[in-house]
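Report on one structure; see the data block that follows.
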Amino acid sequence: MENHNENFEKIKAHLHEQGYHEKDVTITSGKAMILGVFYALPFVIVIGLLYRFFLVERACLLEVSGLSFYIIFIAITAISVVIHELLHGTGWAVASGKGWHVVRFHINAMMPCCACKAALEKNSYSFGVLAPFVVLGFGSVFFIFIYPGTVSFLTMIVNFISAGADLMIACNVLKEKGDVLIADHPKEPGYIAFYR
């Protein structure tokens, strides 16, 4: 079975034959995590302030500390990560018009991951990249206003922070000019832009 790296090399070779040249827009995982937090932080701060000043009076605050806090946090994170990756896949499957065969789910560093196996136009690629940010991030905001409390607040933080690197990548994609195709990098956070 062909792995993602082999598929990526085939995409590159095919696009080079068609006269495209490439631009590498990748960063290290560590840098993606740090920058992702900075991209997500404004959303967390604004929603956190709204929560503090307008919702905390009716919030269902749990008395959790120590082990019970970590169990809740790990459960929220585990559920959110799985849904997050499924949303990437759904976004690319729909936006590409090619269905699920352009989507690859795999495990990387013991975490579920999703990658797009096709070079897409920038709007289609961005749709898949931003799907978790929009659905989970703003879904969490809706949840926090309907049912404010410890669980909804933690869920909001996890969903925005985990989508921060996606937001950063989407911002980079939107800066790409003209007729460009975007391909997921097989190993690093980010993408390769292909220009004629």
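Computed over protein heavy atoms with a 1.4 Å probe, the accessible surface of the range 1-156 works out to 60 Å² per residue.
Simple spin-label estimate for N108 and F138 gives 2.6 nm between the two label positions (7 Å along the Cα-to-Cβ direction from each Cα).
To put it simply, the accessible area of the chain at a 1.4 Å probe is 68 percent carbon and sulfur.
Protein-only accessible surface at a 1.4 angstrom probe places the residues W92, W100 in the order W100, W92, largest first. The helix-only estimate of mean residue ellipticity at 222 nm for the chain, built from DSSP H runs of length n ≥ 4 each weighted as -39500 (n - 2.57), is -19000 deg cm²/dmol after division by the residue total.
If you take the Cα centroid of the range 1-29 and the Cα centroid of the range 158-196, the two points sit 14 Å apart.
Taking all protein chains as shown and a probe of 1.4 angstrom, M111 keeps an accessible surface of around 90 Å². If you wrap the chain in the convex hull of its Cα atoms and look at it from every side, the mean projected area works out to 12.1 nm². Taking Lys and Arg as +1 and Asp and Glu as -1, the other residues whose beta-carbon sits under 13 Å from that of P112 total 0. For the chain, relative contact order (Cα pairs under 8 Å, six or more residues apart, normalised by length) works out to 36 percent. Accessible area per residue (1.4 Å probe, heavy atoms of protein chains only) ranks S65, S80 as S65, S80, with the largest value leading. The 1.4 Å probe gives accessible areas that order I79, I144, I11, largest first, as I79, I11, I144. Surface calculation, 1.4 Å probe, protein heavy atoms: E121 sits at approximately 120 Å² accessible.
The values are calculated or read from the model by the stated rules, or taken from the named source; none is laboratory data. Because the structure is predicted, anything quoted here is derived from the model rather than measured. Cβ atoms come from the backbone with ideal geometry, glycine included; neighbour counts cover every protein chain shown. Note: accessible area is taken over every heavy atom of the protein model, side chains too, but ligands, DNA and RNA are not part of it. Shrake-Rupley method; radii C 1.70, N 1.55, O 1.52, S 1.80 Å.
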